[in-house]
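Notes follow once the structure below has been shown.
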Amino acid sequence: MYKFLIKGGKLLNGKVKVSGSKNASLPIIFAAILTEDAVISNVPDLRDTRTAISLLKDMGFEAEFDNNKLHVMKGKRIKTEADYELVRTMRASVLTLGPLLARFGKARVSLPGGCAIGARPVDLHLKALSKLGADIKIEHGYINAVASNGLKGAEIVFDFPTVGGTENLLMAAVLAKGKTIIMNAAKEPEIVDLARALKRAGAIIEGEGTDTIEVEGVDSIGPINYTVMPDRIEAGTFVACVAAAGGEVIIEEFPHDVLGAVIDKFKDAGVVIEKIDNKTAFVKSEGKLRGTDITTEVYPGFPTDMQAQFMAVMCLADGVSVIKETIFENRFQHVLELQRLGADIKIDGNTAIVRGVDRLIGAKVMATDLRASASLVVAGLAAENTTEIYRIYHLERGYENLEMKLSFLGADIEKVKSDRPY
Ligand code: EPZ
(Lines give C-alpha, C1' and ligand atoms only; values in the text may rest on other atoms or scores of the structure.)
Protein backbone atom coordinates (compact mmCIF):
# COMPACT_ATOMS: atom_id res chain seq x y z
CA MET A 1 0.00 0.00 0.00
CA TYR A 2 1.11 3.57 -0.62
CA LYS A 3 0.52 6.99 0.88
CA PHE A 4 1.26 10.58 -0.12
CA LEU A 5 3.58 12.84 1.86
CA ILE A 6 2.91 16.50 1.12
CA LYS A 7 5.06 19.28 2.57
CA GLY A 8 2.76 22.27 2.14
CA GLY A 9 3.34 25.96 1.63
CA LYS A 10 5.03 25.77 -1.79
CA LEU A 11 3.69 28.11 -4.50
CA LEU A 12 2.78 26.38 -7.76
CA ASN A 13 4.29 27.57 -11.03
CA GLY A 14 4.61 26.26 -14.56
CA LYS A 15 2.54 24.28 -17.04
CA VAL A 16 0.35 21.20 -16.58
CA LYS A 17 -1.69 19.21 -19.07
CA VAL A 18 -5.12 17.75 -18.40
CA SER A 19 -5.55 14.05 -19.29
CA GLY A 20 -8.49 12.47 -21.08
CA SER A 21 -11.78 12.26 -19.22
CA LYS A 22 -12.37 9.23 -16.99
CA ASN A 23 -16.16 9.66 -17.06
CA ALA A 24 -16.27 9.97 -20.87
CA SER A 25 -13.77 7.15 -21.43
CA LEU A 26 -15.71 4.54 -19.43
CA PRO A 27 -18.99 4.62 -21.44
CA ILE A 28 -17.06 5.00 -24.73
CA ILE A 29 -14.94 1.93 -23.84
CA PHE A 30 -18.15 -0.05 -23.18
CA ALA A 31 -19.65 1.25 -26.43
CA ALA A 32 -17.03 -0.96 -28.11
CA ILE A 33 -19.38 -3.85 -27.27
CA LEU A 34 -21.74 -2.48 -29.97
CA THR A 35 -19.23 -2.89 -32.81
CA GLU A 36 -16.53 -5.13 -34.30
CA ASP A 37 -13.63 -2.72 -33.78
CA ALA A 38 -12.93 0.39 -31.69
CA VAL A 39 -9.90 2.67 -31.54
CA ILE A 40 -10.21 5.13 -28.67
CA SER A 41 -7.51 7.73 -28.10
CA ASN A 42 -6.70 10.01 -25.14
CA VAL A 43 -7.90 7.35 -22.67
CA PRO A 44 -6.36 8.14 -19.26
CA ASP A 45 -4.30 5.32 -17.72
CA LEU A 46 -6.22 4.84 -14.47
CA ARG A 47 -7.34 1.98 -12.25
CA ASP A 48 -10.91 2.47 -13.53
CA THR A 49 -10.08 2.44 -17.24
CA ARG A 50 -7.92 -0.65 -16.70
CA THR A 51 -10.85 -2.31 -14.91
CA ALA A 52 -13.11 -1.52 -17.88
CA ILE A 53 -10.56 -3.07 -20.24
CA SER A 54 -10.27 -6.19 -18.01
CA LEU A 55 -14.04 -6.50 -18.07
CA LEU A 56 -14.10 -6.49 -21.90
CA LYS A 57 -11.28 -9.01 -22.02
CA ASP A 58 -13.13 -11.21 -19.53
CA MET A 59 -16.10 -11.13 -21.92
CA GLY A 60 -13.93 -12.29 -24.81
CA PHE A 61 -12.99 -9.00 -26.51
CA GLU A 62 -9.34 -8.50 -27.49
CA ALA A 63 -7.86 -5.25 -26.26
CA GLU A 64 -4.51 -3.47 -26.53
CA PHE A 65 -3.88 -0.38 -24.42
CA ASP A 66 -0.72 1.59 -24.95
CA ASN A 67 0.21 5.25 -24.65
CA ASN A 68 -3.37 6.27 -23.87
CA LYS A 69 -4.65 4.56 -27.04
CA LEU A 70 -7.03 1.62 -26.73
CA HIS A 71 -7.81 -0.81 -29.53
CA VAL A 72 -10.73 -3.18 -28.88
CA MET A 73 -11.64 -6.00 -31.27
CA LYS A 74 -14.57 -8.38 -30.96
CA GLY A 75 -13.36 -11.92 -30.20
CA LYS A 76 -14.90 -15.09 -31.62
CA ARG A 77 -16.95 -16.03 -28.57
CA ILE A 78 -18.43 -13.35 -26.30
CA LYS A 79 -19.57 -14.08 -22.76
CA THR A 80 -22.42 -11.63 -22.11
CA GLU A 81 -21.64 -11.41 -18.42
CA ALA A 82 -20.03 -8.80 -16.16
CA ASP A 83 -18.64 -10.63 -13.20
CA TYR A 84 -19.06 -9.53 -9.54
CA GLU A 85 -15.30 -9.58 -8.94
CA LEU A 86 -14.79 -6.76 -11.47
CA VAL A 87 -18.10 -4.92 -11.04
CA ARG A 88 -17.63 -4.59 -7.27
CA THR A 89 -14.43 -2.59 -7.89
CA MET A 90 -16.12 -0.17 -10.30
CA ARG A 91 -19.84 0.71 -10.36
CA ALA A 92 -19.63 2.08 -13.89
CA SER A 93 -19.41 -1.57 -15.04
CA VAL A 94 -23.23 -1.45 -15.04
CA LEU A 95 -22.79 0.50 -18.32
CA THR A 96 -22.14 -2.85 -20.02
CA LEU A 97 -25.83 -3.74 -19.60
CA GLY A 98 -27.31 -1.57 -22.37
CA PRO A 99 -24.72 -2.42 -25.07
CA LEU A 100 -24.73 -6.17 -24.25
CA LEU A 101 -28.53 -6.31 -24.41
CA ALA A 102 -28.67 -4.32 -27.65
CA ARG A 103 -25.88 -6.28 -29.37
CA PHE A 104 -26.42 -9.83 -28.07
CA GLY A 105 -30.02 -9.81 -26.77
CA LYS A 106 -28.97 -10.86 -23.27
CA ALA A 107 -26.81 -9.76 -20.38
CA ARG A 108 -25.94 -10.90 -16.87
CA VAL A 109 -24.39 -8.07 -14.93
CA SER A 110 -23.55 -8.06 -11.27
CA LEU A 111 -25.47 -5.46 -9.30
CA PRO A 112 -22.99 -2.82 -8.22
CA GLY A 113 -22.71 -2.96 -4.43
CA GLY A 114 -22.78 -0.08 -1.98
CA CYS A 115 -20.71 3.07 -2.42
CA ALA A 116 -19.04 5.45 0.05
CA ILE A 117 -20.86 8.51 -1.31
CA GLY A 118 -24.39 7.15 -1.37
CA ALA A 119 -26.77 4.27 -2.02
CA ARG A 120 -26.50 4.78 -5.78
CA PRO A 121 -29.23 2.36 -6.95
CA VAL A 122 -29.61 1.53 -10.68
CA ASP A 123 -33.42 1.32 -10.65
CA LEU A 124 -33.77 4.07 -13.28
CA HIS A 125 -31.45 2.16 -15.65
CA LEU A 126 -33.52 -1.02 -15.30
CA LYS A 127 -36.89 0.74 -15.58
CA ALA A 128 -35.81 2.44 -18.81
CA LEU A 129 -34.32 -0.72 -20.37
CA SER A 130 -37.54 -2.58 -19.55
CA LYS A 131 -39.37 0.10 -21.54
CA LEU A 132 -37.27 -0.94 -24.56
CA GLY A 133 -38.64 -4.45 -24.11
CA ALA A 134 -35.98 -6.09 -21.98
CA ASP A 135 -37.18 -8.71 -19.54
CA ILE A 136 -35.17 -7.99 -16.39
CA LYS A 137 -34.89 -10.08 -13.22
CA ILE A 138 -32.61 -9.59 -10.22
CA GLU A 139 -31.30 -12.97 -9.00
CA HIS A 140 -28.43 -13.79 -6.63
CA GLY A 141 -27.02 -10.29 -6.83
CA TYR A 142 -27.09 -10.25 -10.61
CA ILE A 143 -29.18 -8.35 -13.15
CA ASN A 144 -30.43 -10.92 -15.67
CA ALA A 145 -31.75 -9.21 -18.77
CA VAL A 146 -33.09 -10.77 -21.94
CA ALA A 147 -34.45 -9.31 -25.16
CA SER A 148 -34.73 -12.36 -27.36
CA ASN A 149 -36.50 -10.44 -30.16
CA GLY A 150 -34.19 -7.49 -29.84
CA LEU A 151 -34.91 -4.13 -28.21
CA LYS A 152 -37.66 -1.86 -29.50
CA GLY A 153 -37.56 1.95 -29.46
CA ALA A 154 -39.84 3.72 -26.94
CA GLU A 155 -40.45 7.00 -25.12
CA ILE A 156 -38.63 7.19 -21.80
CA VAL A 157 -39.02 9.87 -19.14
CA PHE A 158 -36.39 9.67 -16.41
CA ASP A 159 -37.57 10.51 -12.87
CA PHE A 160 -34.14 12.13 -12.39
CA PRO A 161 -31.57 13.08 -15.09
CA THR A 162 -29.22 10.23 -14.23
CA VAL A 163 -25.85 10.31 -16.05
CA GLY A 164 -25.30 6.56 -16.09
CA GLY A 165 -28.93 5.82 -16.87
CA THR A 166 -28.86 8.15 -19.88
CA GLU A 167 -25.60 6.58 -21.14
CA ASN A 168 -26.91 2.99 -20.75
CA LEU A 169 -30.12 3.89 -22.54
CA LEU A 170 -28.38 5.78 -25.31
CA MET A 171 -26.14 2.79 -26.10
CA ALA A 172 -29.08 0.37 -26.00
CA ALA A 173 -31.24 2.57 -28.22
CA VAL A 174 -28.57 2.78 -30.95
CA LEU A 175 -29.34 -0.81 -32.07
CA ALA A 176 -33.04 -0.93 -31.01
CA LYS A 177 -35.74 -1.15 -33.67
CA GLY A 178 -37.35 2.19 -34.35
CA LYS A 179 -37.10 5.48 -32.51
CA THR A 180 -36.29 6.05 -28.84
CA ILE A 181 -36.95 9.41 -27.17
CA ILE A 182 -35.20 9.97 -23.85
CA MET A 183 -36.81 12.80 -21.88
CA ASN A 184 -35.39 14.42 -18.75
CA ALA A 185 -32.08 13.06 -19.97
CA ALA A 186 -28.82 14.07 -18.29
CA LYS A 187 -26.94 16.85 -20.14
CA GLU A 188 -23.42 16.20 -18.86
CA PRO A 189 -20.59 16.82 -21.41
CA GLU A 190 -19.47 13.19 -21.09
CA ILE A 191 -22.82 12.14 -22.58
CA VAL A 192 -22.24 14.45 -25.53
CA ASP A 193 -18.79 12.89 -25.99
CA LEU A 194 -20.31 9.38 -25.98
CA ALA A 195 -22.97 10.44 -28.51
CA ARG A 196 -20.32 11.95 -30.77
CA ALA A 197 -18.27 8.73 -30.70
CA LEU A 198 -21.37 6.69 -31.58
CA LYS A 199 -22.51 9.07 -34.35
CA ARG A 200 -19.06 8.92 -35.94
CA ALA A 201 -19.58 5.17 -36.11
CA GLY A 202 -22.95 5.52 -37.83
CA ALA A 203 -25.45 5.84 -34.98
CA ILE A 204 -28.39 8.23 -35.52
CA ILE A 205 -28.69 10.48 -32.49
CA GLU A 206 -30.02 14.01 -31.95
CA GLY A 207 -30.36 16.29 -28.95
CA GLU A 208 -27.36 15.09 -26.90
CA GLY A 209 -26.53 17.79 -24.38
CA THR A 210 -30.20 18.74 -24.06
CA ASP A 211 -32.85 17.12 -21.86
CA THR A 212 -34.43 15.35 -24.84
CA ILE A 213 -32.36 12.90 -26.86
CA GLU A 214 -33.77 11.13 -29.92
CA VAL A 215 -32.21 7.94 -31.27
CA GLU A 216 -33.21 6.22 -34.51
CA GLY A 217 -32.12 2.60 -34.18
CA VAL A 218 -29.88 1.02 -36.83
CA ASP A 219 -29.05 -2.65 -37.54
CA SER A 220 -25.36 -2.15 -36.84
CA ILE A 221 -22.71 0.54 -36.45
CA GLY A 222 -19.26 0.66 -38.02
CA PRO A 223 -15.91 0.85 -36.24
CA ILE A 224 -15.54 3.43 -33.47
CA ASN A 225 -12.58 5.76 -33.95
CA TYR A 226 -12.65 8.56 -31.41
CA THR A 227 -10.54 10.85 -29.24
CA VAL A 228 -11.92 11.34 -25.73
CA MET A 229 -12.48 14.89 -24.39
CA PRO A 230 -10.23 16.32 -21.63
CA ASP A 231 -11.22 15.62 -18.01
CA ARG A 232 -13.12 18.67 -16.74
CA ILE A 233 -12.92 17.46 -13.12
CA GLU A 234 -9.15 17.00 -13.27
CA ALA A 235 -8.94 20.51 -14.80
CA GLY A 236 -11.10 21.89 -11.97
CA THR A 237 -8.93 20.07 -9.43
CA PHE A 238 -5.81 21.81 -10.76
CA VAL A 239 -7.58 25.18 -10.37
CA ALA A 240 -8.33 24.21 -6.75
CA CYS A 241 -4.66 23.27 -6.18
CA VAL A 242 -3.49 26.69 -7.43
CA ALA A 243 -6.26 28.46 -5.46
CA ALA A 244 -5.18 26.76 -2.22
CA ALA A 245 -1.38 26.79 -2.60
CA GLY A 246 -1.07 30.08 -4.46
CA GLY A 247 0.99 30.67 -7.60
CA GLU A 248 0.62 31.05 -11.36
CA VAL A 249 -0.04 28.06 -13.59
CA ILE A 250 -0.88 27.47 -17.25
CA ILE A 251 -3.29 24.56 -17.68
CA GLU A 252 -3.27 22.94 -21.12
CA GLU A 253 -6.21 20.94 -22.55
CA PHE A 254 -8.40 23.06 -20.26
CA PRO A 255 -12.06 22.54 -21.36
CA HIS A 256 -13.31 26.11 -20.76
CA ASP A 257 -16.65 25.49 -22.48
CA VAL A 258 -17.79 22.79 -20.02
CA LEU A 259 -16.47 24.36 -16.81
CA GLY A 260 -18.59 27.50 -16.66
CA ALA A 261 -20.04 27.03 -13.17
CA VAL A 262 -16.70 26.00 -11.69
CA ILE A 263 -14.79 28.93 -13.24
CA ASP A 264 -17.47 31.39 -12.04
CA LYS A 265 -17.27 30.19 -8.43
CA PHE A 266 -13.48 30.28 -8.28
CA LYS A 267 -13.54 33.77 -9.77
CA ASP A 268 -16.13 34.82 -7.15
CA ALA A 269 -13.65 33.63 -4.54
CA GLY A 270 -10.90 35.79 -6.02
CA VAL A 271 -8.95 33.37 -8.23
CA VAL A 272 -7.75 34.77 -11.55
CA ILE A 273 -8.70 32.49 -14.48
CA GLU A 274 -7.91 33.81 -17.95
CA LYS A 275 -8.52 32.18 -21.33
CA ILE A 276 -5.26 32.07 -23.30
CA ASP A 277 -6.95 30.10 -26.08
CA ASN A 278 -9.74 27.54 -26.43
CA LYS A 279 -7.65 24.85 -24.82
CA THR A 280 -5.45 26.78 -22.41
CA ALA A 281 -6.09 28.68 -19.19
CA PHE A 282 -3.90 30.92 -17.02
CA VAL A 283 -4.71 30.50 -13.34
CA LYS A 284 -3.34 32.72 -10.60
CA SER A 285 -4.02 32.95 -6.90
CA GLU A 286 -2.38 35.16 -4.36
CA GLY A 287 -3.38 36.18 -0.84
CA LYS A 288 -6.64 35.55 0.95
CA LEU A 289 -9.65 34.27 -1.01
CA ARG A 290 -13.28 35.21 -0.29
CA GLY A 291 -15.75 32.77 1.27
CA THR A 292 -18.12 31.60 -1.51
CA ASP A 293 -21.30 29.50 -1.39
CA ILE A 294 -21.96 26.61 -3.76
CA THR A 295 -24.83 24.19 -4.35
CA THR A 296 -24.07 21.09 -6.36
CA GLU A 297 -26.47 20.44 -9.26
CA VAL A 298 -26.77 18.45 -12.44
CA TYR A 299 -24.96 19.93 -15.45
CA PRO A 300 -24.59 22.84 -16.24
CA GLY A 301 -24.76 23.58 -12.49
CA PHE A 302 -21.80 23.21 -10.12
CA PRO A 303 -20.61 19.57 -10.38
CA THR A 304 -20.78 17.36 -7.30
CA ASP A 305 -17.37 15.94 -8.35
CA MET A 306 -15.80 19.34 -7.55
CA GLN A 307 -17.57 19.89 -4.22
CA ALA A 308 -14.84 18.41 -1.97
CA GLN A 309 -11.97 20.18 -3.74
CA PHE A 310 -13.81 23.53 -3.56
CA MET A 311 -14.52 22.98 0.14
CA ALA A 312 -10.82 22.42 0.82
CA VAL A 313 -10.05 25.82 -0.77
CA MET A 314 -12.78 27.53 1.27
CA CYS A 315 -11.21 26.25 4.51
CA LEU A 316 -8.63 29.06 4.21
CA ALA A 317 -10.89 31.74 2.72
CA ASP A 318 -12.07 34.90 4.42
CA GLY A 319 -15.45 34.46 6.10
CA VAL A 320 -18.09 31.78 5.76
CA SER A 321 -18.94 29.47 2.81
CA VAL A 322 -22.16 27.47 2.71
CA ILE A 323 -21.71 24.26 0.68
CA LYS A 324 -24.85 22.27 -0.25
CA GLU A 325 -24.65 18.76 -1.73
CA THR A 326 -27.86 17.84 -3.61
CA ILE A 327 -26.77 14.87 -5.77
CA PHE A 328 -25.35 12.29 -3.33
CA GLU A 329 -26.61 11.74 0.18
CA ASN A 330 -23.26 10.89 1.80
CA ARG A 331 -20.62 13.06 0.15
CA PHE A 332 -19.13 14.88 3.14
CA GLN A 333 -16.71 12.25 4.39
CA HIS A 334 -13.75 14.52 3.62
CA VAL A 335 -15.06 16.95 6.28
CA LEU A 336 -13.79 14.85 9.21
CA GLU A 337 -10.37 14.59 7.58
CA LEU A 338 -10.19 18.32 6.76
CA GLN A 339 -11.06 18.99 10.42
CA ARG A 340 -7.98 16.92 11.34
CA LEU A 341 -5.93 19.56 9.45
CA GLY A 342 -7.56 22.29 11.55
CA ALA A 343 -10.50 23.25 9.33
CA ASP A 344 -13.64 24.72 10.93
CA ILE A 345 -16.60 22.97 9.29
CA LYS A 346 -20.07 22.20 10.67
CA ILE A 347 -22.43 19.81 8.92
CA ASP A 348 -26.18 20.25 8.97
CA GLY A 349 -27.88 17.58 6.86
CA ASN A 350 -26.77 18.10 3.24
CA THR A 351 -25.17 21.45 4.04
CA ALA A 352 -21.66 22.17 5.31
CA ILE A 353 -20.86 25.55 6.86
CA VAL A 354 -17.18 26.32 6.37
CA ARG A 355 -15.67 29.10 8.48
CA GLY A 356 -12.29 30.16 7.03
CA VAL A 357 -9.27 29.72 9.31
CA ASP A 358 -5.83 31.38 9.16
CA ARG A 359 -3.88 28.20 8.65
CA LEU A 360 -4.12 24.44 8.19
CA ILE A 361 -1.53 22.21 9.80
CA GLY A 362 -0.38 18.90 8.31
CA ALA A 363 -1.54 15.61 9.92
CA LYS A 364 -2.29 11.97 9.04
CA VAL A 365 -5.52 11.76 7.06
CA MET A 366 -7.46 9.01 5.30
CA ALA A 367 -8.86 9.07 1.77
CA THR A 368 -12.42 7.70 1.66
CA ASP A 369 -13.42 8.12 -1.99
CA LEU A 370 -12.02 9.53 -5.22
CA ARG A 371 -12.89 13.24 -4.91
CA ALA A 372 -12.51 13.29 -1.11
CA SER A 373 -8.90 12.20 -1.63
CA ALA A 374 -8.39 15.01 -4.14
CA SER A 375 -9.63 17.51 -1.53
CA LEU A 376 -7.01 16.23 0.93
CA VAL A 377 -4.28 16.81 -1.65
CA VAL A 378 -5.59 20.37 -2.20
CA ALA A 379 -5.60 21.04 1.57
CA GLY A 380 -2.19 19.38 2.05
CA LEU A 381 -0.62 21.72 -0.56
CA ALA A 382 -1.74 24.71 1.54
CA ALA A 383 -1.13 23.27 5.02
CA GLU A 384 1.96 23.92 7.11
CA ASN A 385 4.25 20.97 7.82
CA THR A 386 3.59 17.54 6.39
CA THR A 387 0.26 15.94 5.49
CA GLU A 388 0.20 12.15 5.17
CA ILE A 389 -2.66 10.82 3.04
CA TYR A 390 -3.47 7.13 3.42
CA ARG A 391 -5.51 4.91 1.01
CA ILE A 392 -4.46 6.86 -2.07
CA TYR A 393 -5.69 3.95 -4.21
CA HIS A 394 -8.95 5.93 -4.23
CA LEU A 395 -7.16 8.77 -6.00
CA GLU A 396 -5.57 6.52 -8.60
CA ARG A 397 -9.00 5.53 -9.80
CA GLY A 398 -9.48 8.93 -11.36
CA TYR A 399 -6.24 10.95 -11.57
CA GLU A 400 -3.40 10.03 -13.95
CA ASN A 401 0.07 10.65 -12.39
CA LEU A 402 -1.24 13.40 -10.12
CA GLU A 403 1.79 13.53 -7.85
CA MET A 404 4.15 13.75 -10.84
CA LYS A 405 2.15 16.55 -12.45
CA LEU A 406 2.03 18.50 -9.17
CA SER A 407 5.74 18.03 -8.47
CA PHE A 408 6.50 19.50 -11.94
CA LEU A 409 4.58 22.58 -10.72
CA GLY A 410 6.84 22.82 -7.66
CA ALA A 411 4.74 20.98 -5.09
CA ASP A 412 6.62 18.91 -2.50
CA ILE A 413 4.62 15.70 -2.87
CA GLU A 414 5.86 12.16 -2.70
CA LYS A 415 4.27 8.73 -3.10
CA VAL A 416 5.86 6.39 -0.54
CA LYS A 417 5.21 2.94 0.83
CA SER A 418 2.69 3.11 3.61
CA ASP A 419 3.82 2.27 7.13
CA ARG A 420 0.36 0.91 7.76
CA PRO A 421 -1.60 -2.05 6.29
CA TYR A 422 -3.72 0.51 4.44
C1 EPZ B 1 -21.77 9.73 -12.76
O2 EPZ B 1 -22.22 8.74 -11.81
C3 EPZ B 1 -20.28 9.90 -12.50
N4 EPZ B 1 -19.59 8.65 -12.70
C5 EPZ B 1 -20.05 10.39 -11.08
O6 EPZ B 1 -18.65 10.67 -10.91
C7 EPZ B 1 -20.79 11.70 -10.88
O8 EPZ B 1 -20.68 12.09 -9.54
C9 EPZ B 1 -22.29 11.50 -11.21
O10 EPZ B 1 -22.44 10.99 -12.55
C11 EPZ B 1 -23.08 12.80 -11.12
O12 EPZ B 1 -22.55 13.76 -11.94
C13 EPZ B 1 -19.27 8.25 -13.95
O14 EPZ B 1 -19.56 8.90 -14.94
C15 EPZ B 1 -18.55 6.96 -14.09
P16 EPZ B 1 -26.16 9.45 -11.63
P17 EPZ B 1 -23.66 8.06 -11.96
O18 EPZ B 1 -26.76 8.21 -12.20
O19 EPZ B 1 -23.93 7.78 -13.37
C20 EPZ B 1 -29.40 8.59 -8.21
C21 EPZ B 1 -16.51 10.57 -9.93
O22 EPZ B 1 -16.12 11.11 -8.88
N23 EPZ B 1 -29.83 7.46 -9.07
O24 EPZ B 1 -26.38 10.71 -12.35
O25 EPZ B 1 -23.71 6.93 -11.00
C26 EPZ B 1 -28.03 8.33 -7.58
O27 EPZ B 1 -28.13 7.55 -6.43
C28 EPZ B 1 -17.90 9.90 -9.96
O29 EPZ B 1 -15.89 10.54 -10.98
C30 EPZ B 1 -30.90 6.69 -8.69
O31 EPZ B 1 -31.53 6.92 -7.65
O32 EPZ B 1 -24.59 9.24 -11.42
C33 EPZ B 1 -27.51 9.71 -7.31
O34 EPZ B 1 -27.99 10.17 -6.08
C35 EPZ B 1 -18.52 9.78 -8.62
N36 EPZ B 1 -31.26 5.65 -9.48
C37 EPZ B 1 -28.10 10.50 -8.46
O38 EPZ B 1 -29.19 9.75 -8.97
C39 EPZ B 1 -30.58 5.34 -10.65
O40 EPZ B 1 -30.94 4.36 -11.32
C41 EPZ B 1 -27.10 10.79 -9.57
O42 EPZ B 1 -26.64 9.58 -10.11
C43 EPZ B 1 -29.49 6.14 -11.02
C44 EPZ B 1 -29.12 7.21 -10.22
Problem set entry | Total residues in segment 262-292, condition surrounded by fewer than 18 Cβ atoms within 10 Å (Cβ to Cβ) and within 22 Å of P230 (Cα to Cα) | 12
Problem set entry | Residue list for segment 209-253, restricted to those being out of contact with any Asp or Glu (no Cβ under 9 Å at 6 or more places or on another chain), assigned by TED's automatic domain parsing to the domain that holds A31 and not β-branched (V, I, T) | D211, G217, D219
For this session: Please find, within segment 128-153, the residue that is nearest to S373 (Cα to Cα) out of those that are buried (at least 16 other Cβ atoms within 10 Å of the Cβ) and within 13 Å of the ligand (Cβ to nearest atom).
Result: I143
Exercise. When residues of segment 372-394 are filtered for being surrounded by 24 or more Cβ atoms within 10 Å (Cβ to Cβ) and either closer than 13 Å to T237 by Cα or of a type in the set (D, E, K, R) (or both), how many remain?
Worked result: 9
Exercise. Restricting attention to segment 78-89, does a residue exist that is more than 16 Å from D58 (Cβ to Cβ) and hydrophobic (A, V, I, L, M, F, W, C)?
Worked result: no
Exercise. Of the residues K324, K364, K405, K346, which is away from the ligand (no atom under 16 Å from the Cβ), at pLDDT 95 or above, under 27 Å from K22 (Cα atoms) and of a type in the set (K, R)?
Worked result: K405
Problem set entry | Residues of segment 303-318 satisfying the condition of being more than 21 Å from D358 (Cβ to Cβ) and of a type in the set (V, I, T) | T304
Exercise. Could you say which residue among T227, T237, T212, T292 is among the hydroxyl-bearing types (S, T, Y) and within 16 Å of the ligand (Cβ to nearest atom)?
Worked result: T237
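Can you find a residue in segment 64-82 that is within 16 Å of the ligand (Cβ to nearest atom), buried (at least 22 other Cβ atoms within 10 Å of the Cβ) and more than 23 Å from N225 (Cα to Cα)?
Going through segment 64-82, the residues within 16 Å of the ligand (Cβ to nearest atom) turn out to be 82.
Those left that are additionally buried (at least 22 other Cβ atoms within 10 Å of the Cβ): 82.
Those left that are additionally more than 23 Å from N225 (Cα to Cα): 82.
Yes, there is a match, as at least one residue in segment 64-82 is within 16 Å of the ligand (Cβ to nearest atom), buried (at least 22 other Cβ atoms within 10 Å of the Cβ) and more than 23 Å from N225 (Cα to Cα).
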Problem set entry | Residues of segment 395-422 classified as surrounded by 15 or more Cβ atoms within 10 Å (Cβ to Cβ) and either of a type in the set (A, V, I, L, M) or in contact with a Pro (Cβ under 6 Å, 6 or more places away or on another chain) (or both), total | 7
For this session: Answer yes or no as to whether D37 is in contact with a Pro (Cβ under 6 Å, 6 or more places away or on another chain) and either of a type in the set (S, T, Y) or open to solvent by 10 Å² or more (accessible area, probe 1.4 Å) (or both).
Result: yes
Exercise. What number of residues within segment 327-343 satisfy the criterion of being out of contact with any helix residue (DSSP H, G or I) (no Cβ under 9 Å at 6 or more places or on another chain) and either more than 12 Å from the ligand (Cβ to nearest atom) or part of a strand (DSSP E or B) (or both)?
Worked result: 4
Seminar exercise, completed: Of the residues in segment 86-111, those that are at pLDDT below 95 and buried (at least 22 other Cβ atoms within 10 Å of the Cβ) come to V87
Exercise. Based on what the data block shows, is A173 touching a helix residue (DSSP H, G or I) at 6+ places or on another chain (Cβ under 9 Å), away from the ligand (no atom under 16 Å from the Cβ) and in contact (Cβ under 8 Å) with a residue 40 or more places away in the chain?
Worked result: yes
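The values are calculated or read from the model by the stated rules, or taken from the named source; none is laboratory data. All values derive from a computational prediction rather than experimental measurement. Positions of Cβ are generated from backbone atoms using ideal geometry, with glycine treated the same way; all protein chains shown enter the neighbour counts. Accessible surface is based on the protein model in full, side chains and every heavy atom, while ligands, DNA and RNA are left aside. Shrake-Rupley method; radii C 1.70, N 1.55, O 1.52, S 1.80 Å.
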